[in-house]
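Trainee: Here it is, the structure, as structure tokens.
Taken together, the values in this text are just the output of simple stated rules run on the coordinates, not laboratory data. None of these values were measured; they are calculated from a predicted model. When we count neighbours, we look across all protein chains shown, and the Cβ atoms used for this are built from the backbone with ideal geometry, even at glycine.
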Amino acid sequence: MDNVHKYFGGIRAVDGVSLKVPRGSIVGLIGPNGSGKTTLFNTISGFYKPNKGRIMFDGRDITGLPPHRIYKLGLIRTFQNPRVWRSLTVFENVLGSAKDQRGENMLLAMIHATWASQEKKLAKEALHWIDFTGLAPVDTRFAPEISGGQMKLLEVARALMGSAKMLLLDEPAAGVNPVMARKLFGGIERLRSEMGLTFLIVEHRLEILFDYVDYVYVMHRGRIVAEGKPEEVAENPVVHDIYLGG
Amino acid sequence: MNIISFLVTYLSVAAVYALLAISMNIDYGWAGIPDFGKAAFIAAGGIAAAIVATRIVPPLMLHMHPANPSKLSFFTYYNGKILPAITAHPIDTWIVFIISILLGGIIAAGFAVIFSYPAIRLKEDYLAIALLMAAQIVWLFLRVYTPIMGGTMSMTLPSPSFKPIARALFHSTSPSAIDAAKALFLWGLVGVFLYYAEKQMNSPFGRMLRMVRDDEYAAAALGKNVARARLESLIVASFLAGVAGAVYVLIHFSSVNPDYFMPDLTFFVLTLVLVGGVGNNIGSIIGALLIALLYRASYIFGTSLGFSWGSYLYYMIIGLAILITIFVRPNGILPEKPVRTPAWDVYALVRGKQPWFLRRILMRGRGKVNTGEKSE
Amino acid sequence: MVYSLAWGSALALMASGLSLYYSVSKVANFAHGSYVSMGLLAYLLAIAFAHWGSKITGFGIDHYAIFNISNLWALIPAFLVAGLVSLASFAGIFWPLMKRGATPLQLLVASIGLMFVLRFLMYIVAGSMNWITLWTPGSTTYHILGVRITLAEILSFVLLALVAGLIALLETKTLIGVSLRAIASNPSLAEASGIDSFKVQALAWFLGGGFAGLGGVLMFIFTGPPGGRPIVELGWMNLLSIFAAAVLGGLGSFYGTIIAALILGIAFNQAAAWFTIYLNVSSSLALLIPFGITLLTLLFFPQGLAGINWRKLVNKIRITRVEEEVVRR
């Protein structure tokens, strides 16, 4: 990603941010509220079009592509406030996030034979990810009936179901208790080592985040003000100023 | 009034309403599009029937000149020559019917493609009003532009003949036997609609529509093309609306007049869906049965009161039905069910148990209802 | 042209009422048309009571209900009745639903239900007075500077100016107006800062319904029963025009709505005249023009007129002018 700008009216929400996330790494993005992290996420995932700059993913220019195209390339995001489909069960929430479902075609949907076998295969995969994220006890509940922390896990499970190459996680540990949060980050590490996934994580709980990430960017007022290994960033006086001085 | 004949008429009316409701349930119920332009899509059926009866059938099947509804001589020629020629053969009336439902569906689907442009861009409130205005424009246009269906002069149409069916089924061609055959045919059509809607919606396609309805941002982030999903749901629903419109015109009224498609019709159909259960196809049918009963009963009761306002009593009934539903059961009589696909079979196989909602249906079949199944 | 503007002002009165409470409550209220008809019925009833004992049922009312100076007082009951019905529907239906977290679509559908119920109640009143079909009673006519102008036309301008002034005064000078704007822009923040959300919204609904009632009386004087249909349908027949104006003005923008209503009023009436004279088709088809304008605007500016960044547009024009001047020098 290179020199991305996003302006709203006269406000520069993201003002010339450049950052790099190497394949197979876990990168953290931190910064106080309103520093432009979520705007940046929305821009990367195609919800906003950048006013300037270029976003590259896997050697392809994805600047300005619509969200569903970016998803197809394997770059999947989660939301800060979980967005679940309320009329579907947890199982269906995960299952429905799969890529290239033949039965989603308006005409093929009528012909069961064309998609039934794929659906069954995907159902097995969905159950695998449900077990992985520990959502098995609630998998037939409707999505709004589960707890906030479980919704966060559900979002991760959905992204995994979409056969992601890279995940953008927006505060995955917010509202999750510390033990669960550490388990979640443990899972992220396992995914990276076993499947070679790449992560860009926005997180406020630095004490947990810093134990797992390889590299950290610090955003403030729409710009990257510091970067480096977690230990370096933790020592950086600029970061202290931002977090303490607002 | 004869109770049997009341029942038969009531059932055919309810069947027509059920057809309209199933169509409304797809775009409003499943995809969450406030399709307040439904009346325009239903009008497509009326347009199609008028075109078929005046333009397509006369030259193709009867070797007569097509009739032009904008000319003064239209009535003499159409009512005097063409109409008797078509109705002379029951087969011809059925050909008119079949071409009309196909053409109606196609015209409505075409409208859907045009209307989808705002449907993708506008927010709920704005979209509802924009579609309502579009329906009003279609209605005004049909009233004034006579070449399509003769403006407001109520063109009689060759409705399909049920005589052969009545003869085959009841060995009688009395009016009541014909009415019964008509009601049976209409409910058969409802069955086809229901089968189609259930099959189309209990699929990944239906699941995708619900995702788009529940949260379009999440749907987009997880790879659903929201605009396309909306367009497709509008096309499916409008095709059904066009078919239902042809039935509405040819069988229900057996004539066509733009005033059958006043934008108010949309609200009526919406009530059916809302009361029966948003997103539940069987609910739409139940809503149609219930509201048709209330409507007819309140109309008969209202007019028998002897006040000049009595015939408007049904407004009150429909209004109260909507309000009570919104307050007491915001999701209608039958709530929405999870989307049923083969995935649940896999679920049952892997987990070694049926999900609670499927199990409950099975249990009910055996006469044992256990409502405590939800907590696992 | 005077007539077109007056018609537009009556529409503006009705539509601005909708806009006023939409800005705070976000309800696309289809029962708004019923408030319009309620205002008309209240006006007729008030006059009927004043002439009790004379022949006031059926077409007889037309003789007394002519819009002249001595009947102006009857606008007050029109305003009050429509306002109170509107207030009652907010307190009895929309507020409880909003408290339960109903979606905008559910509120909209509830308003359709309410519309049907109110319509029936009005049919009882109109039916028992034998008023289901009436002609317009007309209005006294003056000649000012050679221009023929009716009292209803004058009054529609005066009332619109009064309403616009009243809202301007409310919004800038009083605490209520400030809270109104606060709730419109950020409801949760406004509530947190101690504003009684219910009271402020209730006021908006009362005024909004009242404006609709006033507009209804004037519209009836101008056009009579819509398309020869029952007078109760006055509101319903104008509902789409009301919504067209409100949407074109950008739902919830009070002054945007007034401007949009005036534009649509001129467009509709000029088109209607043109249609009947030159095309020889029914003037009801002229509704195509205002609706077409609204739909087209929505397609390009999904937020209506208020959503267009006027400052940016004006700046652009201004800058090009300045540049031109520079070039000239």
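Trainee: Using a cut-off of 11 Å between beta-carbons, work out the net charge of the residues near residue C:179 (Lys and Arg +1, Asp and Glu -1, residue C:179 not included). Walk me through the intermediate numbers first.
Mentor: Numbers: positive: C:181, C:199; negative: C:171, C:191, C:196.
Once positives and negatives cancel, what remains is -1.
Trainee: Mind giving me the nanometre distance, one decimal, between the label points for residue B:154 and residue A:131, set 7 Å out from Cα along Cα→Cβ?
Mentor: My value for the distance between the label points is 7.0 nm.
Trainee: Taking a threshold of 18 Å on the Cα-Cα distance, which of the pairs B:123/C:26; A:72/B:123; A:72/B:224; A:20/A:165; A:99/A:165; A:72/A:165 fall above it?
Mentor: On the way: B:123/C:26 13 Å; A:72/B:123 26 Å; A:72/B:224 10 Å; A:20/A:165 15 Å; A:99/A:165 13 Å; A:72/A:165 10 Å.
Correct reply: A:72/B:123.
Trainee: If we count other beta carbons within 10 Å of each Cβ, what is the order of B:125, A:58, B:35, fewest first?
Mentor: Values: B:125 22, A:58 12, B:35 31.
The order, fewest Cβ neighbours first, is A:58, B:125, B:35.
Trainee: Could you state the angle between the C-alpha long axis of helix A:178-195 and the longest principal axis of the C-alpha atoms of chain A, as a value from 0 to 90 degrees rounded to the nearest 10?
Mentor: 80 degrees
Trainee: Please report the projected area of the protein assembly as shown's Cα convex hull averaged over all directions, in nm².
Mentor: Numbers: hull surface 196.4 nm².
Average projection, Cα convex hull of the protein assembly as shown: 49.1 nm².
Trainee: Counting only other residues whose beta carbon sits under 10 Å from that of residue B:23, what net charge do I get with K and R as +1, D and E as -1? Before the final figure, lay out the partial values.
Mentor: Numbers: positive: B:38; negative: B:27, B:35.
My count for the surroundings of residue B:23 gives -1.
Trainee: Here's another thing I want to ask about it. List, largest first, the extents of the alpha carbons of chain A along their principal axes, each in whole Å.
Mentor: 61, 40, 31
Trainee: Another question about this same structure. Less than 12 Å Cβ to Cβ from residue A:109, Lys/Arg counted +1 and Asp/Glu -1: what total charge do the surrounding residues give?
Mentor: Working: positive: A:102, B:199, B:207; negative: A:104, A:119, B:198, B:232.
For residues surrounding residue A:109, the net value is -1.
Trainee: Still on this structure, please answer the following. Return one number: the angle in degrees, 0 to 90 and rounded to the nearest 10, between the long axis of the Cα atoms of helix B:3-24 and the longest principal axis of the Cα atoms of chain B.
Mentor: 70 degrees
Trainee: Taking R0 as 45 Å, what's the FRET efficiency between residue C:300 and residue B:187 from their Cβ-Cβ distance, rounded to 0.05? Spell out each step's value before the answer.
Mentor: Working: r = 47 Å, r/R0 = 1.03.
For R0 = 45 Å, the calculated efficiency reads 0.45.
Trainee: Can you give me the three principal axis dimensions of chain C from its C-alpha atoms, in Å, biggest first?
Mentor: Between the extreme Cα coordinates on each principal axis of chain C lie 73, 53, 36 Å.
Trainee: Taking θ = phi - 60°, what integer Hz values does the Karplus form 6.51 cos²θ - 1.76 cosθ + 1.60 yield along the stretch B:228-235, in sequence order, with x for Gly and Pro?
Mentor: 5, 4, 5, 4, 5, 5, 5, 5
Trainee: Scan around residue C:250 for amide H atoms under 5 Å from its own, H built in the peptide plane at 1.01 Å from N, and keep only partners 5 or more places away or cross-chain.
Mentor: The list, which skips near neighbours in sequence, is C:305, C:306.
Trainee: Which shape class applies to the stretch B:1-87: rounded if a/c is under 1.5, otherwise prolate when a/b exceeds b/c and oblate if not, where a ≥ b ≥ c are the square roots of the Cα gyration tensor eigenvalues? Intermediate results must be reported in sequence, preceding the final value.
Mentor: Working: a/c = 3.06, a/b = 1.53, b/c = 2.00.
Oblate.
Trainee: A follow-up question, please. Please compute P(r) over all alpha-carbon pairs of the stretch C:106-165, binned at 5 Å starting from zero, and give each bin as a whole-number percent.
Mentor: The percentages, shortest bin first, are 4, 14, 11, 11, 11, 18, 17, 7, 5, 2, 0.
Trainee: How far, in nm, would the chain grow between residue B:70 and residue B:304 when pulled straight, counting 0.36 nm per residue and subtracting the alpha carbon separation? Show your work: numbers first, answer last.
Mentor: Details: separation 234, 0.36 × 234 = 84.24 nm, distance 4.02 nm.
Length difference between fully extended and current span is 80.2 nm.
Trainee: For the protein assembly as shown, what does the helix formula give at 222 nm: sum of -39500 (n - 2.57) over DSSP H segments with n ≥ 4, over the residue count, nearest 500 deg cm²/dmol?
Mentor: On the way: 40 runs with 569 residues, N = 951.
Rounded to the nearest 500, the figure is -19500 deg cm²/dmol.
Trainee: What distance in nm separates the simple spin-label points at residue A:234 and residue A:204, each placed 7 Å from Cα in the Cβ direction?
Mentor: 2.1 nm
Trainee: Against the globular-protein guess of 2.2 N^0.38 Å, express the Cα radius of gyration of the stretch B:58-152 as a ratio, rounded to two decimals.
Mentor: Values: Rg = 17.7 Å, N = 95, 2.2 N^0.38 = 12.4 Å.
My calculation over the Cα atoms of the stretch B:58-152 gives 1.43.
Trainee: Moving on to the next point. With label points built 7 Å along Cα→Cβ from the Cα atoms of residue B:173 and residue B:94, find their separation and express it in nm.
Mentor: 1.5 nm
Trainee: State which helices in chain C qualify, where a helix is a whole DSSP H run, it must extend 24 Å or more along its own axis by its Cα atoms, and its mean Kyte-Doolittle hydropathy must be at least 0.5. Present the calculation step by step, with values, prior to reporting the outcome.
Mentor: On the way: long enough: C:2-25 (34 Å, 1.09); C:32-50 (28 Å, 1.45); C:104-128 (36 Å, 1.76); C:151-173 (31 Å, 1.96); C:197-223 (38 Å, 1.38); C:254-274 (30 Å, 1.49); C:310-328 (27 Å, -0.62).
Both cut-offs are met by C:2-25, C:32-50, C:104-128, C:151-173, C:197-223, C:254-274.
Trainee: Which whole-Hz couplings ³J(HN,Hα) result when phi for each residue of the stretch B:84-99 is put into the Karplus expression 6.51 cos²θ - 1.76 cosθ + 1.60, θ = phi - 60°, listed in order with x for Gly and Pro?
Mentor: For the stretch B:84-99, the Karplus curve yields x, 5, 6, 6, 4, 10, x, 4, 4, 5, 6, 5, 4, 4, 5, 4 Hz.
Trainee: Express as a percent, rounded to the nearest 5, the fraction of DSSP beta bridges in the protein assembly as shown (both residues included) that run antiparallel.
Mentor: On the way: 21 of 38 bridges.
Antiparallel bridges make up about 55 percent of those DSSP assigns within the protein assembly as shown.
Trainee: Compute the semi-axes of the equivalent ellipsoid of the stretch C:206-276, taking the square root of 5 times each eigenvalue of the Cα gyration tensor, and list them largest first in whole Å. Write down the numbers at each step before the final one.
Mentor: Working: eigenvalues 80, 62, 19 Å².
So the three semi-axes of the stretch C:206-276 are 20, 18, 10 Å.
Trainee: Amide H of residue C:134: which non-local residues (sequence gap of 5 or more, or other chain) have their own amide H closer than 5 Å, using H built in the peptide plane?
Mentor: Excluding prolines and chain starts, which carry no amide H, the hits are C:231.
Trainee: Could you rank the peptides B:14-26, A:187-199, A:39-51 by their average count of other C-beta atoms within 10 Å per residue, with the highest value first?
Mentor: Values: B:14-26: 28.6, A:187-199: 16.0, A:39-51: 20.5.
The peptides rank, most packed first, as B:14-26, A:39-51, A:187-199.
Trainee: Let me ask something additional. Please report C:150, B:156 as a ranked list, fewest other C-beta atoms within 10 angstrom at the top and most at the bottom. Can you show the working numbers first?
Mentor: Details: C:150 20, B:156 15.
Fewest to most other Cβ atoms nearby, the residues stand as B:156, C:150.
Trainee: Let me ask another. With a 10 Å cut-off between alpha carbons and a GNM built on chain C, which of C:216, C:58, C:92 moves the most?
Mentor: Comparing C:216, C:58, C:92 in the GNM, the peak value goes to C:92.
Trainee: Can you give me the long-range amide H partners of residue A:219? Hydrogens built in the peptide plane at 1.01 Å from N, cutoff under 5 Å, separation of 5 or more residues or another chain.
Mentor: A:30, A:31, A:225
Trainee: For B:146, A:78, which order do you get if you count the other beta carbons within 10 Å of each Cβ and list the fewest first? Walk me through the intermediate numbers first.
Mentor: Numbers: B:146 17, A:78 26.
Arranged by neighbour count, lowest to highest, B:146, A:78 become B:146, A:78.
Trainee: In whole Å, what three semi-axes, largest first, describe the equivalent ellipsoid of the stretch B:3-328 built from its Cα gyration tensor (square root of 5 times each eigenvalue)? All intermediate terms of the calculation are to be shown ahead of the outcome.
Mentor: On the way: eigenvalues 206, 120, 79 Å².
Gyration-tensor ellipsoid for the stretch B:3-328: 32, 24, 20 Å.
Trainee: Also: What is the percent of Cα-Cα separations in the stretch A:88-157 that go past 15 Å? Numbers along the way, then the final one.
Mentor: Numbers: 1264 of 2415 pairs.
So the pairs more than 15 Å apart make up 52 percent of the total in the stretch A:88-157.
Trainee: Could you work out Rg/(2.2 N^0.38 Å) for the stretch C:41-80, with Rg from alpha carbons only?
Mentor: On the way: Rg = 9.4 Å, N = 40, 2.2 N^0.38 = 8.9 Å.
Normalised Cα radius of gyration, the stretch C:41-80: 1.05.
Trainee: Sticking with this structure for a sec: Between residue A:189 and residue A:20, 0.36 nm times their residue separation minus their Cα-Cα distance comes to what?
Mentor: On the way: separation 169, 0.36 × 169 = 60.84 nm, distance 1.90 nm.
Residue separation times 0.36 nm, minus the Cα-Cα distance, leaves 58.9 nm.
Trainee: Using a Gaussian network model on chain B with a 10 Å cutoff between Cα atoms, which of B:111, B:268, B:74 fluctuates the most?
Mentor: B:74
Trainee: Also, I was wondering about something else. Roughly how many whole Å is it from the C-alpha centroid of the stretch B:262-276 to that of the stretch C:4-70?
Mentor: 28 Å
Trainee: Which residue fluctuates the most in chain C, going by a Gaussian network model with Cα springs under 10 Å, if the choices are C:152, C:74, C:102?
Mentor: Residue with maximal mean-square fluctuation among C:152, C:74, C:102: C:102.
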